[in-house]
Every structure is written in C-alpha cells, then in structure tokens.
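The values are calculated or read from the model by the stated rules, or taken from the named source; none is laboratory data. Bear in mind the structure is a predicted one, so any value in this text is a computation, not a measurement. Reconstructed Cβ throughout: ideal geometry from the backbone, glycine too, with neighbour counts over all protein chains shown. These area figures cover heavy atoms from the full protein model, side chains too; ligands, DNA and RNA do not enter into them. Shrake-Rupley method; radii C 1.70, N 1.55, O 1.52, S 1.80 Å.
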Amino acid sequence: MEKKTIVINYFQSKITELSEEAMNLVLEAQESIKTAYSPYSQFSVGSALLLDNGEYVRGSNQENAAYPSGLCGERVALFAWGANNSENKVVAIAISAKNQKGEFAKAYPCGACLQVMVETEIRTKEKLKIIVQINDQEVQVFNGVECLMPFSFSL
Ligand code: THU
C-alpha cells in the first residue's frame, strides 16, 4: 500500500484587502444573512453568487419545522441560479453567517452543498471560487471546489 498526500492551497485575507469585486460579493453575502429563516438553529447563513455578467444571485438558509426539509444558504442560491440565471456562468460564491449572538461565525459549506458546487463547475466548465467569511474581518478563499472536497462523486 502506498501513502498518498494531498496539499490544499487556500488564501486568508482581511475583507478590506480583497479585490473590489470579491469585497462586494462578501458584502452581498452579509446582506443576505438578513433574509435567513432560521428560527430553529438561530444560525443565519447568507450566500451570494457572482455571475460572469456581473450579476449577483443571493441565498440564505431556509429552515422548516420538519427539520430535513430546510435548505442551506449555498444551495438556495445555487438552485435559484439553476432556475433563473443558468445562461450566465457562476464564477464565485461568498458565504457569511451569524450565530445566535449576532456575531459573525464561520460556515464552511456542508458536504451536500459542496456536491452541488461540483455539479455547478461541471455545468459551467469553470472553477468556482469559494469565499468563506471566518470572523468579522477575515475570509478564506478557495480556488475551486476541489480544495474543500478533493474526492467528489460524479457519474
Ligand atoms: N447551514 C447553511 O446554510 N450553510 C452551511 O454552510 C452550514 C449550515 C445552515 C443549515 C441550518 O439552517 C443552519 O445553518 C444550522 O445548521
């Protein structure tokens, strides 16, 4: 048996030091937090997609009393894109979240959202940049879903 190693490169930056394009996308994700419906977890997630025509698609987590019926903020945005804007490619997604105390809290995309992002990359034939806000001042930037889910399922 041979040991194999994967190296993941990612970037960490102050939000204020991002490119204007990336910073605006993070601000969109922060704004989207306000539309979260999260009475059960009290954890509110906002997401925003940047399309190649400069448009944004927003999402936020939407919960339900029948818990598994709810959906994460990332997939709300990605499925809204599929239903409304898929003629334009998604180039980036930003994710911001606030906890019960109203403080920024990091929310890496869950496995199901990553799998949907993988399919988005397959559809657009482009790598998806993932920007995760990790506290009130900083983000981590991942260039491609592969960075967060190196082994993903595809048919
Ligand atoms: N959630 C998201 O919307 N995105 C993530 O990346 C992780 C978790 C949601 C699901 C649920 O509504 C709440 O956060 C707590 O798990």
message: Taking 8 Å as the Cα distance limit and 6 or more residues as the minimum spacing, I'd like the relative contact order of region 19-147 as a percentage.
response: 21
- prompt: How large is the dipole of region 19-147 about the Cα centre if only Lys and Arg carry +1 and Asp and Glu carry -1, each at its Cβ, rounded to the nearest 20 debye?
  reply: 300
- request: Please give the per residue accessible area of the chain, computed with a probe of 1.4 Å over protein heavy atoms only, in Å².
  value: 58
query: Which residue, SER96, SER41, SER32, tops the fluctuation ranking in a GNM of the chain built on C-alpha contacts under 10 Å?
result: SER41
field: Residue-count net charge about ASN135 - beta-carbon cut-off 15 Å; Lys, Arg +1, Asp, Glu -1
entry: 0
Percentage, to the nearest whole number, of Cα pairs in the chain over 27 Å apart: 20
task: Find, among the chymotrypsin sites (Phe, Trp or Tyr not before Pro) in region 1-52, those assigned to loop by DSSP (not H, G, I, E, B) with at most 14 other beta-carbon atoms within 10 angstrom.
output: TYR10, TYR40
Charged-residue dipole, Cβ positions (Lys, Arg, Asp, Glu), region 109-155 about Cα centre, Debye nearest 20: 180
- line: Sparse-neighbourhood loop hits (trypsin sites (Lys or Arg not before Pro), region 36-122; DSSP loop; Cβ within 10 Å at most 13 others) -> LYS101
- request: State, as an integer percentage, the relative contact order of region 1-85 based on alpha-carbon contacts under 8 Å between residues 6 or more apart.
  value: 20
statement: For the pair PHE151 and SER86, the simple spin-label estimate (label points 7 Å beyond Cα toward Cβ) gives in nm 2.9
- request: Can you grab the distance from the C-alpha centre of region 1-47 to the C-alpha centre of region 115-155, Å, no decimals?
  value: 10
field: Cα lying deepest toward the dipole's positive end in region 1-138, options GLY59, MET1, ALA80, charges on Cβ
entry: MET1
- request: Using only Cα positions of region 16-65, each an equal point scatterer, no hydration layer, compute I(q)/I(0) via Debye at q = 0.15, 0.22, 0.23, 0.32 Å⁻¹ and quote the log10 values to two decimals.
  value: -0.44, -0.74, -0.78, -1.11
- prompt: Which of the residue pairs LYS14/LYS129; LYS14/LYS34; LYS34/LYS106; LYS3/LYS127 have a Cα-Cα distance greater than 19 Å in the structure shown?
  reply: LYS14/LYS34; LYS3/LYS127
message: Are there any chymotrypsin sites (Phe, Trp or Tyr not before Pro) in region 67-155 that are in a DSSP loop and have at most 16 other Cβ atoms within 10 Å? List them by number.
response: PHE151, PHE153
- prompt: Tell me, what is the FRET efficiency for GLN100 and SER69 to the nearest 0.05, using R0 = 25 angstrom and their Cβ-Cβ distance as r?
  reply: 0.70
message: Please give me the summed charge of the neighbours of VAL26: other residues whose Cβ is under 15 Å from its Cβ, Lys and Arg +1, Asp and Glu -1.
response: -2
